[in-house]
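Below: one structure, written as structure tokens.
The values are calculated or read from the model by the stated rules, or taken from the named source; none is laboratory data. Note that the structure is a prediction, hence the values are computed from the model and not measured. Glycine also receives a Cβ, built like all others from the backbone with ideal geometry; neighbour counts cover every protein chain displayed. These accessible areas exclude ligands, DNA and RNA; they are computed on the full protein's heavy atoms, side chains included. Shrake-Rupley method; radii C 1.70, N 1.55, O 1.52, S 1.80 Å.
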Amino acid sequence: MSTERTLADRKGRDLCELPSETVTSNKSRKKNRWRSKKMVSPVQMLFETCKDVFSSGGVGIVPPPQQIQKLQSVLDGIKPEDVGLTPEMPYFQTNAAQRIPRITYVHIYECENFSIGIFCLPPSGVIPLHNHPGMTVFSKLLFGTVHIKSYDWVVDLPANSSTNVKPSKSENSNDAGLAPDTRLAKVKVDADFTAPCNPSILYPADGGNMHCFTAVTACAVLDVLGPPYSDPDGRHCTYYTNHPFSRFSDEIFVTEEEKKDYEWLQERVLPDDVEVVGKMYSGPMIVET
């Protein structure tokens, strides 16, 4: 693929050309610029947009609304073939020999400010409930149908109410004899989505920062994270088990109708029944500029 070329080499041209030649030069310059832009691939455009949107970002920093809209617009236009995917690929097929549907992650790009990748899920494939600490995340469903359930931590209860509990030692206790902290969360989304649909966005403290995906049909989800996970910087991916509100709700009052909107999330290790493998990206290449 070709990328947009600089016109800097034109700056040294003689400024004393004849008027007719100047007009011709300007027309040629515009034509070449138009051709260059036309040849930029959608994934290259996504890369360039991410560079711009996350250039001054960081942990917990949300890009300005106009920048979010800009990236949303670029993602909205990306199709499976733009990133070298088709639903017929092996990633999206089930295998009778496999007890667990295998999830494939296609890594496209990563730097300290953002990452781009694609999760490929066969039917019934599950990406377990996990968080995105301090991140702004854009997800684009490229094809198929997926069920998304997402949560945000509850922070607006009365001062005398606790949103943290420690279950008894008999409930999923770890080696130290104490279960991990369990926090109250509010359900943000619990629905099926079918492509084409609008890209979803989650924020550091809103929009469903903890979520899980279940493939209703074979599907592909293009993810942009800003900033990406980083263990050295303390941005770990934490997994959770969800419990119904009634399990640990003695000191918190909500109406009967509201109970379905709240659940307790308990930290856990990556479930044994999840298999994720990495694959090399084979679509149009990104050229760093």
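Key figures for this structure:
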item	result
Of all residues making up the range 70-119, the number that are of a type in the set (Gly, Ala, Ser) and surrounded by 13 or more Cβ atoms within 10 Å (Cβ to Cβ)	3
Any chance HIS147 is at pLDDT 95 or above and within 15 Å of TYR239 (Cα to Cα)	no
Residue check for LEU71: touching a residue at least 40 places away in the same chain (Cβ under 8 Å) and farther than 24 Å from LYS279 by Cβ	yes
Among (1) modelled with pLDDT under 95; (2) in contact with a Gly (Cβ under 9 Å, 6 or more places away or on another chain) - the single one ILE201 does not satisfy	(1)
In the range 267-289, the residues that are outside any strand (DSSP E or B) and either among the hydroxyl-bearing types (Ser, Thr, Tyr) or open to solvent by 50 Å² or more (accessible area, probe 1.4 Å) (or both)	VAL269, LEU270, ASP272, ASP273, TYR281, SER282, MET285, VAL287, GLU288, THR289
For LYS166: the one exception among (1) open to solvent by less than 10 Å² (accessible area, probe 1.4 Å); (2) at pLDDT below 75	(1)
Qualifying positions in the range 74-124 - under 24 Å from SER200 (Cα atoms) and acidic (Asp, Glu)	ASP76, GLU81, ASP82, GLU110, GLU112
Members of the range 118-151 that are part of a strand (DSSP E or B) and within 21 Å of GLY60 (Cα to Cα)	LEU129, HIS130, THR136, VAL137, PHE138, SER139, SER150, TYR151
Unmet requirement for THR136, which otherwise passes all of (1) in contact with a Cys (Cβ under 9 Å, 6 or more places away or on another chain); (2) over 19 Å from ALA220 (Cα atoms); (3) open to solvent by less than 20 Å² (accessible area, probe 1.4 Å)	(1)
LEU141 touching a Ser or Thr at 6+ places or on another chain (Cβ under 9 Å), crowded, with 16+ Cβ neighbours inside 10 Å, closer than 29 Å to VAL221 by Cβ and modelled with pLDDT under 95	no
